[in-house]
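Report on the following structure.
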Amino acid sequence: MKNSFRDIIRLLRPRQWIKNFIIYAALLFSGQFFNLNQFIFVTYGFFIFCAISSSIYIINDIFDVEKDKIHPFKRFRPIAHEDVSVRLAAILAVILALGSIIFSYVLNPGFFLITIVYFIMHLAYSVYLKHIEIIDILTLAAGYILRVFAGEVISNSHLSAWLFLTIISGSLFLAIGKRRSEITLLSHQTGAPLSTRKTLSHYTEQLLDIYLSIFATSTFLSYSLFTFLENPKGLQFNFNFVPAEALGTYLQRKWLMLTIIPVVYGLMRYLQRIYEKHEGESPERLVFYDRPLLVSVVVWTVMVVIINYFIT
């Protein structure tokens, strides 16, 4: 066993912490993103979720160590590759889990309850739920949704129903895309789907294609309705030389609808990478390494900030 610092960091999977940025969603859309006190509190929550999610990844790796050893890609994970001992990994998992739970209680009682639910749900996933078809996908999606709830509680703000439906649909879309890519990647490995994850034998590519189509469409429609039903004030100018009735109506458009463009591109690009490059198994890796997809995320974020905080 090496137990090197680099291997320990790999064990924590810091790349997957990108998922926890969704905790800022309620703060961003409530208009309080630049409220320093609120931002600091949500950032504390972000780091707590990074710690507890890393503990869950370690626990999952411990439970799956034998299966990971025969997986074509997961066999290089620190525990499966014997770069980190199971004993050290278990100690780290306990420290991270207890530390994050204690700090979550100090931060906010409501946030503490969500953290407990998140941990128990993913612990159940590692032990049992991931072996049940459909339930495994719903559990993965629920992890994103709980992060959003945590952001609402800790920032004392709320998301609109349509935006929340968008997050539900998008979470299911990502979880299904992950399963779709896993099947494709393992299809050339004899017996690999059954031996590494039994639920994959209950899914067909055609079934997952239907699921992807459903939730890609619902994500688009929910987000479109959210942007349309939001009621920003619009651009506020006072031109003495232009009649208000000639210019005012144009300036009072629902500018947030412009953000539909990068959302649609992101959905289409993500689907392209799933079917063309079979890269949906790790959404966070895909976002980091696919430049067009990363640009669409950045553009969407910048547009939302400008429209919500500087135009309306």
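For the charge dipole of the chain, defined by +1 on Lys and Arg C-beta atoms and -1 on Asp and Glu C-beta atoms about the Cα centroid, which residue among 128, 202, 286 has the Cα displaced farthest towards the positive pole?
Checked the options; the winner is 286.
How large is the dipole of region 116-187 about the Cα centre if only Lys and Arg carry +1 and Asp and Glu carry -1, each at its Cβ, rounded to the nearest 20 debye? Intermediate values should be presented prior to the final figure.
On the way: 5 positive and 4 negative charges, 24 e Å.
Using Cβ point charges on Lys, Arg, Asp and Glu, region 116-187 gives about 120 debye.
Quick check: from the Cα gyration tensor, does region 82-151 come out rounded (a/c under 1.5), prolate or oblate?
Details: a/c = 2.65, a/b = 1.03, b/c = 2.56.
In terms of gyration-tensor shape, oblate.
Among 271, 27, what's the order by accessible area (1.4 angstrom probe), most exposed first?
Numbers: 271 45, 27 0 Å².
Accessible-area ranking of 271, 27, largest first: 271, 27.
What residues of region 38-74 lie in the reach of a label at residue 86, counting those whose backbone N is under 18 Å from a point 7 Å from the Cα along Cα→Cβ?
It comes to 56-71, nothing else.
Please report, as a whole percent, how much of the solvent-accessible surface of region 3-135 comes from carbon and sulfur atoms (probe radius 1.4 Å). Walk me through the numbers before you get to the answer.
Working: 4830 of 6630 Å².
The nonpolar share, carbon plus sulfur, comes to 73 percent.
Along the positive direction of the dipole of the chain (beta-carbon charges: Lys, Arg +1; Asp, Glu -1; about the Cα centre), which of 219, 270, 256 reaches farthest?
270
Along the charge dipole of the chain, which of 144, 298, 309 sits closest to the positive end, that is, farthest toward it, with unit charges on the beta carbon of Lys, Arg, Asp and Glu (+1, +1, -1, -1)?
298
Which number gives the lysine pairs in the chain that have C-alpha atoms under 27 Å apart and are eight or more places apart or on different chains?
So the count of such lysine pairs works out to 29.
Can you compute the charge dipole magnitude of region 18-101 about its Cα centre, using +1 on each Lys and Arg Cβ and -1 on each Asp and Glu Cβ, nothing else charged? Give it in debye, rounded to the nearest 20. Present the calculation step by step, with values, prior to reporting the outcome.
Details: 7 positive and 6 negative charges, 19 e Å.
The calculated dipole for region 18-101 is roughly 100 debye.
Going by a ≥ b ≥ c, the root eigenvalues of the Cα gyration tensor, does region 66-208 fall in the rounded group (a/c under 1.5), the prolate group (a/b larger than b/c) or the oblate group?
Details: a/c = 2.85, a/b = 1.29, b/c = 2.21.
Taking the square roots of the gyration eigenvalues as a ≥ b ≥ c, region 66-208 is oblate.
In deg cm²/dmol, rounded to 500, what helix-only [θ] at 222 nm does the chain give when every DSSP H run of at least 4 residues adds -39500 (n - 2.57) and the total is split over its residues?
On the way: 14 runs with 208 residues, N = 312.
The helix contribution divided over the chain gives -22000 deg cm²/dmol.
Let's see if you can work this out: charge +1 on each Lys and Arg Cβ, -1 on each Asp and Glu Cβ, no other charges. What is the dipole magnitude of the chain about its Cα centre, in debye to the nearest 20?
Working: 27 positive and 20 negative charges, 93 e Å.
Dipole size: approximately 440 debye.
So who's got an amide H within less than 5 Å of the one on residue 79, skipping anything under 5 residues away but keeping other chains? H placed 1.01 Å off N, in plane.
84
With a probe of 1.4 Å, find how much accessible area the chain has per residue, and write the answer as a whole number in Å². Show your work: numbers first, answer last.
Numbers: 16050 Å² over 312 residues.
Normalised by residue count, the accessible surface of the chain is 51 Å².
If I compute Cα extents along the principal axes in Å from the structure I just sent, which labelled value in (i) 49, 47, 39; (ii) 76, 47, 30; (iii) 66, 43, 37 lines up?
(ii)
What ranking of 276, 182 comes out by heavy-atom accessible area, probe 1.4 Å, highest first? Don't jump to the answer; show the numbers that get you there.
Values: 276 100, 182 5 Å².
Reading off the accessible areas and sorting them downward yields 276, 182.
Within the chain, which whole H helices from DSSP have a Cα span along their axis of at least 20 Å and a mean Kyte-Doolittle hydropathy of 0.5 or more, if any?
Working: long enough: 36-63 (40 Å, 1.45); 86-107 (31 Å, 2.35); 109-127 (27 Å, 1.70); 135-155 (30 Å, 1.47); 161-186 (38 Å, 1.08); 205-229 (35 Å, 1.06); 291-306 (22 Å, 2.18).
The qualifying helices are 36-63, 86-107, 109-127, 135-155, 161-186, 205-229, 291-306.
The values are calculated or read from the model by the stated rules, or taken from the named source; none is laboratory data. Bear in mind the structure is a predicted one, so any value in this text is a computation, not a measurement. All Cβ positions, glycine included, derive from the backbone under ideal geometry; neighbour counts span all protein chains shown. Side chains are part of the model used for accessible areas, which takes the heavy atoms of the whole protein and leaves out ligands, DNA and RNA. Shrake-Rupley method; radii C 1.70, N 1.55, O 1.52, S 1.80 Å.
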